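In what follows, a single structure is set out as structure tokens and then discussed.
The values are calculated or read from the model by the stated rules, or taken from the named source; none is laboratory data. Computed from a predicted structure; not experimentally measured. A quick note on method: Cβ atoms are made from the backbone with ideal geometry, for glycine too, and the neighbour counts reach across all protein chains shown.
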Ligand SMILES: Cc1cc2nc3c(=O)[nH]c(=O)nc-3n(C[C@H](O)[C@H](O)[C@H](O)COP(=O)(O)OP(=O)(O)OC[C@H]3O[C@@H](n4cnc5c(N)ncnc54)[C@H](O)[C@@H]3O)c2cc1C
């Protein structure tokens, strides 16, 4: 087949949240843009990450509620023999994914972005070759944006295949296993472990460190650990995974003393992290500076090569969709000649466990490490009316602020539905709010948000409802 050659100003490799947002914004600004995607538009986030996981979390929660009502409920609701058809659940989840990825395709088209379907191979910092269904296409560009994302990190002692799956397969189950072992107590392992538990599996989580969600503040993770225990999820902390047993029906784990136990399993989910997708598509030949496995970027997402940019997971932690999108939007504006820098006051992070965890800005320990003299105060949901009406009084909101001028530098919360507080938290940080600003804002009653105001009031020494 003969080769086609195309030229463009901006070439985006990868159609995940980083790449597609960059392409849309570039299109809006009139920058000729080609986006190459080897799999499906929307990337990890829309197809096998954020969205499908939250869809399954919702389905599992609804099913659990129905089972709870079947056991008799203080609310006076009764339900007889609830059941779940997992094939329909997965089809419903796929429907949501389809709507969103179709929306991305429509937005790219509307903004004049050309999408080339196929895997790109880099020839140099200005040229890529793509194997498309119609034959090879060579694309030459002025600006190259690397947005190829990340992939699940394998565990050499328990390689993927058969009953050993990554989050990708776990998000499209054909059936629910009787016994699931989750390796990794980070947010992906716990979100999916909770889903499978609520759908009826016996779930055991193995984590090498001595607590779950090791990257989060310990205080915040306690209500999550307590809820997992109440749900019947076994936590095996401080354990190393050695491999599968000879029969392939149990995971061998070792504790700090060297003692070995076997955890029976008919499915094993490996969720030990994700690694930037930097291998196997010619990127190595560019010899870009690295930061560990990830591409090193500056505060404009420039790599070490002129006019080669990198955003999202390929540029390392925090591997979050909203960070990739914000970087993508900025790079498009820089390519269009605007002046921008990536210096957010915070990049919020949410863990959609039950209860949820949300953090934005500095924790008390972060503030101390940064040499700031801070005060912090927590307000419990047990003293919040809305939390009581939602039957979820576990958890709290915590604020961290500078002692001298009361500038708010961080927020943390744990509790049902607290993910939605991320907007208020990040806005207050971005706008430089003080404790007095938050305490003096009238928060609607009855809402979980009142706990935000009360945390600020408490830090000022005069909480009203505690
Ligand atoms: C189970 C799970 C749950 C998650 N939940 C959340 C969440 O709740 N909130 C959150 O913020 N983040 C979440 N994430 C993380 C989030 O999905 C990623 O941070 C985000 O998708 C990164 O965006 P990206 O654009 O950098 O890369 P990706 O979304 O990985 O997209 C990269 C794209 O590039 C394509 N590509 C790669 N190489 C090539 C090539 N050579 N040629 C052509 N195309 C190529 C890939 O096919 C892919 O579509 C979750 C991840 C997982 C796995």
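Things worth noting here:
- Pairing each residue of the stretch 32-51 that is more than 13 Å from residue 168 (Cβ to Cβ) and touching a residue at least 24 places away in the same chain (Cβ under 8 Å) with any residue that is near the ligand (Cβ under 7 Å from one of its atoms) and part of a loop (DSSP other than H, G, I, E, B), provided the two are 6+ apart or on different chains, yields C-beta distances under 6 Å for 35/15; 37/15; 41/15.
- Some residue of the stretch 78-96 being within 26 Å of residue 187 (Cβ to Cβ), within 15 Å of the ligand (Cβ to nearest atom), in a helix (DSSP H, G or I) and in contact with a helix residue (DSSP H, G or I) (Cβ under 6 Å, 6 or more places away or on another chain): yes
- Check on residue 282, closer than 30 Å to residue 196 by Cβ and in the same structural domain as residue 8 (by TED's automatic domain parsing): no
- Residue match in the stretch 389-408 (condition: touching a residue at least 40 places away in the same chain (Cβ under 8 Å), in a helix (DSSP H, G or I) and surrounded by 16 or more Cβ atoms within 10 Å (Cβ to Cβ)): no
- Criterion: within 18 Å of residue 23 (Cβ to Cβ) and more than 9 Å from the ligand (Cβ to nearest atom) - qualifying residue of 307, 289: 307
- Residue count for the stretch 113-126 under the criterion of being assigned to a strand (DSSP E or B), away from the ligand (no atom under 12 Å from the Cβ) and closer than 18 Å to residue 15 by Cα: the result is 1.
- The sole residue among 227, 294, 271, 310 that is surrounded by 15 or more Cβ atoms within 10 Å (Cβ to Cβ), under 27 Å from residue 50 (Cα atoms) and free of Cβ contacts under 8 Å to residues at least 24 places away in the same chain is 294.
- Number of the exception - residue 354 against (1) in contact with a helix residue (DSSP H, G or I) (Cβ under 8 Å, 6 or more places away or on another chain); (2) outside any helix (DSSP H, G or I); (3) within 30 Å of residue 156 (Cα to Cα): (3)
- Among the candidates 346, 360, 419, residue that is at pLDDT 95 or above, surrounded by 17 or more Cβ atoms within 10 Å (Cβ to Cβ) and part of a strand (DSSP E or B): 360
- When the stretch 274-291 is filtered for residues that are in contact (Cβ under 8 Å) with a residue 24 or more places away in the chain and either under 24 Å from the mean Cα position of the chain (by Cα) or surrounded by 20 or more Cβ atoms within 10 Å (Cβ to Cβ) (or both), the ones remaining, listed by number, are 274, 275, 276, 277, 278, 283, 291.
- Residue within the stretch 242-259 that is under 14 Å from residue 193 (Cβ atoms), within 16 Å of the ligand (Cβ to nearest atom) and surrounded by 14 or more Cβ atoms within 10 Å (Cβ to Cβ) present: no
- Exclusive hit being under 18 Å from the mean Cα position of the chain (by Cα), closer than 26 Å to residue 312 by Cβ, assigned by TED's automatic domain parsing to the domain that holds residue 317 and at pLDDT 95 or above, set 170, 120, 147, 106: 147
- Verdict on residue 217 being touching a residue at least 12 places away in the same chain (Cβ under 8 Å), in contact with a helix residue (DSSP H, G or I) (Cβ under 9 Å, 6 or more places away or on another chain) and buried (at least 16 other Cβ atoms within 10 Å of the Cβ): yes
- Residue within the stretch 48-68 that is within 15 Å of the ligand (Cβ to nearest atom), at pLDDT 95 or above and under 19 Å from residue 13 (Cβ atoms) present: yes
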